[in-house]
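A short write-up of the structure that comes next.
The values are calculated or read from the model by the stated rules, or taken from the named source; none is laboratory data. Computed from a predicted model, the values in this text were never measured in an experiment. Positions of Cβ are generated from backbone atoms using ideal geometry, with glycine treated the same way; all protein chains shown enter the neighbour counts. The area values use the complete protein model at the heavy-atom level, side chains included, leaving out ligands, DNA and RNA. Shrake-Rupley method; radii C 1.70, N 1.55, O 1.52, S 1.80 Å.
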Amino acid sequence: MNALLELTGVTKRFGGLTALEGASLSVAQGTIHAVIGPNGSGKTTLFNIISGIYIPTEGEVRFAGAVVTSKPLHQLAAMGLARTFQNTRLFASMTVRQNVLAARHGRAHPWRFDQENARRVEEIIQFVGLADVADTSAASLPQGQRRLLEIAKALALEPRLVLLDEPHGGLNHAETARLIEVIRQIHARGMTILLIEHEMEVVMTLADRITVLNFGKVLAEGSPAEIQSNEAVIEAYLGRADREAELHTQIGRAAEGTGAPLLEVADLTVRYGDIEAVRKVSLNVGTGEFVALLGNNGAGKSSTLKAIARLAQASGSVRFAGQELTKEPTERLVGRGLALVPERRRLFGGLTVIENLKIGAYGRPHTELARLIEEMLELFPNLRRLSASLAFSLSGGEQQMLAIARALMSRPRLLLLDEPSLGLAPLLVEQVFSKLVEVNRQGTAILLVEQNARMALSVAHRGYVLSSGRIVAEGTAAEVARDPRLMGAYLGHGEAAE
Amino acid sequence: MSTEANSLTMRTLVILVIAVAILCGLLLPRFLSVYYLQVADVTLINILLVLGLNFILGFGGQMSLAQCAFFGIGAYAFTLLQAAGMPVPVAAVGAIALSAAVGMALGWPTLRLKGHYLALCTLAFALIVERLLVNWEGLTNGANGITAIPGIGLAGENDKMLWVLLAVVASAYLLQAWIANGPLGLRIRALRDDSLAAQAIGVDVSRLKIMLFVISAAYGGLAGICYVLLRGYISPDVFSWQSTFSYLAMAVVGGLGSPLGAVLGAILYTFVPELLRFMQEYYFAVFGVMVILVITFFPAGLSGMVLSVLRSLRRPGKSFARSDVTHHERAA
């Protein structure tokens, strides 16, 4: 096989953080190669190294036979390496046509664009299907067309290798189909494609080869079928099966609750512009119950949670303790007994641990505040030692504990948690989960959004699985854990999900 | 915009600009007093400066505050080269070349700077140039300035200079509009819109930023020469670092990234205060309020305002100055 792009032993460190470690990758000429991996596994770092935005700490990148390790992006573009960006980067002051024309600047006469360039630009716009909007401003395009224009810009360079960074992100069904078609046609024209993608359906249908990253290292490489059945990959996405049993025996399962309904969500729909992130989701959490909401990246988990906490605009009904919440202002939800631990924790970094806790119970009388803080420090003994430290100086696990403690300060009846395991080492994840069970046993109901499905299901009472904004499976934790649709939602066994 | 349509619209623009210039040349001396004719000449020089600033700030999005320095370098270089016995054309070319070279010298070390930092650095540069003009007495005759510069013998003849300046400004305007729609213009606007995406389509951002400094400085230098030709004398206070904010205000009020904006901004900023003089000490306060109103309610500037009116009158899809329209649309 003839490698067009070759990475050997690439390591990238940011200060103390190792984003990539000894990663090697070989993209054969004329293939569609996908890079997948859980959140924070180093995919984007890898792309930024290939495209010359980062210089690797160690290792070598070869493109078309030449070493390009520290070549800047614009020189790589001239050599035939084009890339798109995860958050489309269009030229907002230009029309669609000018965006594509701008990418032809290197092939134009220095002072004017000739007929040949104009013709090529027309052809590319035609090809990606943007001819109707060629003269509209790029800033006004809807998401699907933004993605297509991003690709059109890359094609205008007439590259040999196209790097696509999550081309599918935020697209609806029809747009996804169109995008897959465009990528196939690009490939048919002889271009080599390397893509990062979360949507496994897309990866499994398109890719010839897949490289899986986890914690900055290459975990596996192979054909889609090989990857789907690779035990290490499944583990990286879903969590470890043996760990699950172990954790279960250690801390047991969470409370079932009293069965009385606490949170009732019906037909919840969240839209961002023309993207439907959550489609008619209905779910329930009983008083004192521990419920897990699972799904792959971009499945709509966080959006659902945000909609419940009224941090995102949504339609549908959210009833909490019998009362409709959708008309309530966000800040009043805390008073009603609803507390959210947001993704990435959102602590007040410049405040101390105690100050962060105090903010969690803002407005309560002094004596009660002191009692609550004491209670939290008892529940989270680690925080006592750190009580005067600034929040940003805490480690990831400690920060997560503090975020949970801060939310508990308001004495919620329902705790909403968004990916508490994100970025934590496995051992810390277990600690966080066992704390959650402890909190739950004291009577607080929990709705947990989590990517680490096995871990969540090992402690939760019930579970829901989201895929592309819809609930595709639900039941008791044990039922969901066995459900083939769970794995489908993560690794794209599309047929099984139907 | 196919190439054919592009050259067609450019042709329309050329005819339009030349027609307006000739009209101004014929009408202004008829209706304006000697004093106001001189104000008109100064306005034209300001247009030239703002057009230059427009390249780096308006199209390129680089916050340069050094325009007054290049204005000064052009004026002094032209004067001194002429004093050294060079003929006017040679001195003019030399002055522009020197401005451009200094622009390159400023662009190189400030490559890594953005936003506030670049603004402060270029402002410091403007300060240095002004101090040099004042204190390097052996060369510049210090604060007293240099008088009786021969130029092309039109110093003080405002009506004749009007034609010269109209010709220079019209050419500079058309050059800017032409560059804006070509490969270089798209590259510059790509840099402003998204520098990383610009690199991804193969734009050498460093080279382009330096080029922007060079072009802006050349326009500034040209304005300096025009000033010498108009007045016949120069002194450092004309090129004071504070004046750079006037050019900045003209560019913003007129509409960034639009040659038409440069014209309107300079007219508003130079002419209107003169018309408000009857208000005596309050006139600048009133003018300040006007500036605030324009910036608040028309973020695309006067040109954005004018073009949106024009476009609502014209058939959609046909517009003569694309760069103006699209920038306005973005701001809107």
Exercise. For B:Asn181, indicate whether it is in contact (Cβ under 8 Å) with a residue 12 or more places away in the chain and either open to solvent by less than 50 Å² (accessible area, probe 1.4 Å) or farther than 30 Å from B:Leu27 by Cβ (or both).
Key: yes
Quiz item: So A:Gly37 fits all but one of (1) in contact with a strand residue (DSSP E or B) (Cβ under 7 Å, 6 or more places away or on another chain); (2) open to solvent by less than 10 Å² (accessible area, probe 1.4 Å); (3) under 28 Å from A:Ala138 (Cα atoms); what number is the exception?
Solution: (3)
Quiz item: Looking at B:Gly185, B:Gly202, B:Gly153, which is the one that is within 14 Å of chain A (Cβ to nearest Cβ) and in a loop (DSSP other than H, G, I, E, B)?
Solution: B:Gly202
Exercise. Determine which member of the set B:Leu16, B:Leu53, B:Leu48 is within 22 Å of B:Leu268 (Cβ to Cβ) and open to solvent by 40 Å² or more (accessible area, probe 1.4 Å).
Key: B:Leu16
Quiz item: Is there a residue being closer than 16 Å to A:Phe215 by Cβ and among the aromatic types (Phe, Trp, Tyr) anywhere in the stretch A:42-58?
Solution: no
Quiz item: Is one or more of the residues making up the stretch B:137-148 open to solvent by 50 Å² or more (accessible area, probe 1.4 Å), of a type outside the set (Val, Ile, Thr), part of a helix (DSSP H, G or I) and within 30 Å of B:Arg11 (Cα to Cα)?
Solution: no
Quiz item: Quick one: A:Ile32 ticks every box in (1) open to solvent by 10 Å² or more (accessible area, probe 1.4 Å); (2) more than 14 Å from every other protein chain (Cβ to nearest Cβ); (3) of a type in the set (A, V, I, L, M) bar one, so which box is it?
Solution: (1)
Self-check item: Filter result (assigned to a helix (DSSP H, G or I), within 13 Å of chain B (Cβ to nearest Cβ) and not small (Gly, Ala, Ser)) within the stretch A:138-158
Solution: A:Arg146, A:Leu149, A:Glu150, A:Ile151, A:Lys153, A:Leu155
Practice problem: Could you tell me which numbered condition A:Ile186 fails, if it satisfies all but one of (1) open to solvent by 10 Å² or more (accessible area, probe 1.4 Å); (2) more than 23 Å from the chain's Cα centre (by Cα); (3) touching a residue at least 12 places away in the same chain (Cβ under 8 Å)? | Solution: (1)
Exercise. Output the number of the condition that A:Val10 fails; it satisfies all remaining conditions of (1) touching an Asp or Glu at 6+ places or on another chain (Cβ under 8 Å); (2) open to solvent by less than 10 Å² (accessible area, probe 1.4 Å); (3) more than 10 Å from chain B (Cβ to nearest Cβ); (4) at pLDDT below 90.
Key: (4)
Quiz item: For the stretch A:59-77, how many residues are more than 14 Å from every other protein chain (Cβ to nearest Cβ), open to solvent by 70 Å² or more (accessible area, probe 1.4 Å) and not β-branched (Val, Ile, Thr)?
Solution: 2
Self-check item: Only listed residue being within 14 Å of another protein chain (Cβ to nearest Cβ), in a helix (DSSP H, G or I) and not aromatic (Phe, Trp, Tyr), chosen from B:Leu123, B:Leu174
Solution: B:Leu174
Practice problem: Examine the stretch A:48-58 for a residue that is within 14 Å of another protein chain (Cβ to nearest Cβ) and aromatic (Phe, Trp, Tyr), and state whether such a residue exists. | Solution: yes
Exercise. Would you please list the contacts, defined by Cβ atoms under 7 Å and residues six or more apart or on different chains, that run from a residue in the stretch B:253-269 that is more than 17 Å from B:Val17 (Cα to Cα) to a residue that is surrounded by 24 or more Cβ atoms within 10 Å (Cβ to Cβ) and hydroxyl-bearing (Ser, Thr, Tyr)?
Key: B:Gly254/B:Ser303; B:Gly255/B:Ser303; B:Gly257/B:Ser323
Quiz item: Restricting the search to the stretch B:188-197, which residues are in a helix (DSSP H, G or I) and facing chain A (nearest Cβ under 8 Å)?
Solution: B:Arg189, B:Ala190, B:Arg192, B:Asp193, B:Leu196, B:Ala197
Quiz item: Which one is nearest to the other protein chains (Cβ to nearest Cβ), of the residues in the stretch A:113-137 that are part of a loop (DSSP other than H, G, I, E, B) and in contact with a Leu (Cβ under 7 Å, 6 or more places away or on another chain)?
Solution: A:Phe113
Exercise. Considering only the stretch B:222-301, give the helices (runs of 4 or more DSSP H) lying wholly within it that have at least 2 residues that are modelled with pLDDT under 85 and surrounded by 16 or more Cβ atoms within 10 Å (Cβ to Cβ).
Key: B:259-275, B:283-297
Quiz item: Among the strands (runs of 3 or more DSSP E) contained in the stretch A:197-273, which hold 2 or more residues that are in contact with a Gly (Cβ under 7 Å, 6 or more places away or on another chain) and at pLDDT 70 or above?
Solution: A:209-214, A:261-272
Exercise. Count, please, the residues in the stretch A:205-230 that happen to be touching a His at 6+ places or on another chain (Cβ under 9 Å) and open to solvent by 30 Å² or more (accessible area, probe 1.4 Å).
Key: 3
Self-check item: Filter result (under 15 Å from A:Leu157 (Cβ atoms) and either at the interface with chain B (Cβ under 7 Å from one of its Cβ atoms) or part of a helix (DSSP H, G or I) (or both)) within the stretch A:91-112
Solution: A:Phe91, A:Asn99, A:Val100, A:Leu101, A:Ala102, A:Ala103, A:His105, A:Gly106, A:Arg107, A:Ala108
Quiz item: Is there a residue in the stretch A:36-49 that is of a type outside the set (Gly, Ala, Ser), free of Cβ contacts under 8 Å to residues at least 60 places away in the same chain, touching a Ser or Thr at 6+ places or on another chain (Cβ under 9 Å) and not in a helix (DSSP H, G or I)?
Solution: no
Practice problem: State whether one or more residues within the stretch A:353-370 are at pLDDT 85 or above and not in a helix (DSSP H, G or I). | Solution: no
